[in-house]
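Asker: This is the structure I have questions about; it appears just below.
The values are calculated or read from the model by the stated rules, or taken from the named source; none is laboratory data. Keep in mind that what you see is a predicted model, and the values were worked out from it rather than measured. With ideal geometry, Cβ positions are generated from the backbone for all residues, glycine too; neighbour counts draw on all protein chains shown.
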Amino acid sequence: MDILTALRAVPEFKDLAESHLIWLMEKGTVSTLKEGEKFFTYGDPIDTMAIVLEGEVDLYRAQGNGSRYLGAVEKGEITGLLPYSRLKTAAAEGIASRDSTIFYLHKDNFMELVREHSPLAEILVHTMTDRVRDFTHQQQQDDKMMALGKLSAGLAHELNNPSAAIVRSAQELKRHLGNAPEKFKSVIKIQTTADIVDKVNEFIVAKLDETTSQQPLSMMEKSEREDAMADWLQNIGLEDAYETASIFVDFHIQPEDMESLNKILRPEDRVAVINWIGQTFTTERLVNEIEEASRRINVLVTSVKSYTHMDRAPERERADLRAGIRNTLTMLNHKIKKNQVTVVENIPDNFPQPCIYVSAMNQVWTNLIDNALDALEGRPNATLEIKVEKDREFLIAYIIDNGPGIPADILDKIFDSFFTTKPIGKGTGIGLEVVRQIILQHNGKVTVKSEPGRTAFAVCIPID
């Protein structure tokens, strides 16, 4: 292969004087890669500029337990270390997709390149700028997709319980109502007065009303009351005594309550009437379960709408920081429960509402709270504290965790693009950079203080 001709074919070098290309050729080295051979791998030191003269190299980034295809470096494209670049190690892996020829220029030649071959240096700096811009955009998209994936997984988990409860209660209600005609047959045979019917109805309505104001029973109290109620029901000849007793206890009905009904009912009517009362309360309980599960789903959907701000234009507006933080906690509740984290919230009710981009600020809360929850994984007595204070014309929100802390030697780097303390595939190194950019957009500031057992991020934004 004629190396000079191959270098001249690089699109960026088309107008470059031949003297610069000759210098480049003389200072560089050439090697070949077989199909499937690694060009570089994760963590490799990057100390050369590389140009693919022939062939193609596929790029992959670690993701979870596998890897994700990023794209390809094709014939005539420049990669690797460039002048003024701060790149030190490979964050991805390159594998030749076919037999390839690679040209290398070691960084030891960069000083001479910049000093003696400024047109070539200018081309390479422009190439680096374009690469950083494209890579940053891709990383931001990856970060958003990663955050969306986490929230989607959490929402799926949170929605599963109430939706399963609705299905379960609906099936039970269907079975229960299927038995109603048979029990109604027993009731309709009863010969009674309107006064007795009214008293039975009054009893049912009164117990339904009382239930809403009663304190929940402990497991021991519930068990004791069920046993007492089942004994009473068995004594009057009820077949499903324990099943009916459980229903009655749920509505805080005790044997002494039933005695008041017992006095006005004929002995031959008691079982039919009490069965019918049990039928009524069973229906009520199942409907209540469906209503509560539906309410939980509605709360989640409302939180999602508020979190994404999907029904508003992306403009600054007065908004309650507490609502945004609580919606974020709702979105991440699965992770809070999984990591057994105690959340301590200290946000007074009477704070002024700052003028913010609501959806953007929710990104801030998500990144900071999610990072804190990651730090608390496996920690005993894991605690996440969130507090907001007013300082003159500013509001300061603190996200504090009692995790292991951030090492002092990297604390000043955590807001840098692509810097991450998480294992390969677990973090993109873009989340805190996004936080910093959003807060700057609000004319605010984000800072961090950390020591073992306490990491505190402070988000300071103006009220107006």
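Asker: Need pairs with beta-carbon distance below 8 Å; first residue touching a residue at least 12 places away in the same chain (Cβ under 8 Å) and in the same structural domain as HIS176 (by TED's automatic domain parsing) and within the range 262-282, second small (Gly, Ala, Ser) and surrounded by fewer than 21 Cβ atoms within 10 Å (Cβ to Cβ); sequence gap 6+ or separate chains.
Answerer: If the second residue must be small (Gly, Ala, Ser) and surrounded by fewer than 21 Cβ atoms within 10 Å (Cβ to Cβ), the pairs left are ARG270/GLY237; VAL271/SER186; VAL271/GLY237; ALA272/SER186; ASN275/SER186; TRP276/SER186; GLN279/ALA180.
Asker: Keeping to the range 89-115, report how many residues are within 19 Å of GLY76 (Cα to Cα) and of a type outside the set (D, E, K, R).
Answerer: Number of matching residues: 11.
Asker: Which residue out of GLY444, GLY405 is over 26 Å from SER359 (Cα atoms), at pLDDT 75 or above and in the same structural domain as ASP374 (by TED's automatic domain parsing)?
Answerer: Details: GLY444 fails: over 26 Å from SER359 (Cα atoms).
After ruling out the rest, the residue left standing is GLY405.
Asker: Could you check, for the range 350-359, whether at least one of its residues is over 20 Å from ILE463 (Cβ atoms) and surrounded by fewer than 21 Cβ atoms within 10 Å (Cβ to Cβ)? If you could, list the steps in order and put the result at the bottom.
Answerer: Looking only at the range 350-359, we keep the residues that are over 20 Å from ILE463 (Cβ atoms), and these are none.
No, the range 350-359 contains no residue that is over 20 Å from ILE463 (Cβ atoms) and surrounded by fewer than 21 Cβ atoms within 10 Å (Cβ to Cβ).
Asker: Oh, and also: Could you list, ordered by first residue, the pairs with Cβ atoms under 7 Å in which the first is in the range 317-337 and over 17 Å from VAL358 (Cβ atoms) and the second is in a helix (DSSP H, G or I) and of a type in the set (Val, Ile, Thr), at least 6 apart or interchain?
Answerer: Going by the 7 Å Cβ cut-off, the qualifying pairs are LEU332/ILE369.
Asker: What number of residues within the range 195-226 satisfy the criterion of being touching a residue at least 12 places away in the same chain (Cβ under 8 Å) and part of a helix (DSSP H, G or I)? Full working, then the answer.
Answerer: Start the filter on the range 195-226 by keeping residues that are touching a residue at least 12 places away in the same chain (Cβ under 8 Å), which leaves 196, 199-200, 203-204, 207-208, 210-211, 214, 217, 222, 225-226.
Checking which are part of a helix (DSSP H, G or I) leaves us with 196, 199-200, 203-204, 207-208, 210-211, 222, 225-226.
Here the count works out to 12.
Asker: I've got another one for you. Which residues, taken from the range 258-275, are closer than 22 Å to GLU210 by Cβ, of a type outside the set (A, V, I, L, M, F, W, C) and surrounded by fewer than 18 Cβ atoms within 10 Å (Cβ to Cβ)?
Answerer: First, the residues of the range 258-275 that are closer than 22 Å to GLU210 by Cβ: 258-265, 273-275.
After this cut, where a residue has to be of a type outside the set (A, V, I, L, M, F, W, C) as well, the list is 259-260, 262-263, 275.
Once the filter is applied, which keeps residues that are closer than 22 Å to GLU210 by Cβ, of a type outside the set (A, V, I, L, M, F, W, C) and surrounded by fewer than 18 Cβ atoms within 10 Å (Cβ to Cβ), the range 258-275 yields GLU259, SER260, ASN262, LYS263.
Asker: Further question on the same structure: Taking the range 330-349 as the region of interest, how many residues are at pLDDT 80 or above, in contact with a helix residue (DSSP H, G or I) (Cβ under 7 Å, 6 or more places away or on another chain) and not polar (S, T, N, Q)?
Answerer: The qualifying residues number 6.
Asker: Of the residues that make up the range 228-242, is at least one loosely packed, with under 13 Cβ neighbours inside 10 Å, over 14 Å from THR282 (Cβ atoms), out of contact with any Cys (no Cβ under 8 Å at 6 or more places or on another chain) and at pLDDT below 85?
Answerer: Yes, some residue in the range 228-242 is loosely packed, with under 13 Cβ neighbours inside 10 Å, over 14 Å from THR282 (Cβ atoms), out of contact with any Cys (no Cβ under 8 Å at 6 or more places or on another chain) and at pLDDT below 85.
Asker: Tell me, please, whether a residue that is within 41 Å of the chain's Cα centre (by Cα) and either of a type in the set (A, V, I, L, M) or under 30 Å from ALA323 (Cα atoms) (or both) can be found in the range 257-265.
Answerer: Taking the range 257-265 and keeping what is within 41 Å of the chain's Cα centre (by Cα), we get none.
No, because not a single residue in the range 257-265 is within 41 Å of the chain's Cα centre (by Cα) and either of a type in the set (A, V, I, L, M) or under 30 Å from ALA323 (Cα atoms) (or both).
Asker: Separate question: List the residue pairs whose Cβ atoms are under 7 Å apart, where the first residue sits in the range 104-129 and is touching a residue at least 24 places away in the same chain (Cβ under 8 Å), the second is β-branched (Val, Ile, Thr) and part of a helix (DSSP H, G or I), and the two are 6 or more positions apart or on different chains.
Answerer: Taking only residues 6 or more apart or on different chains, the pairs are ALA121/VAL114.
Asker: Ok, one more. Within the range 18-50, work out how many residues are of a type in the set (A, V, I, L, M), without any contact (Cβ under 8 Å) to a residue 60 or more places away in the chain and surrounded by fewer than 17 Cβ atoms within 10 Å (Cβ to Cβ).
Answerer: 1
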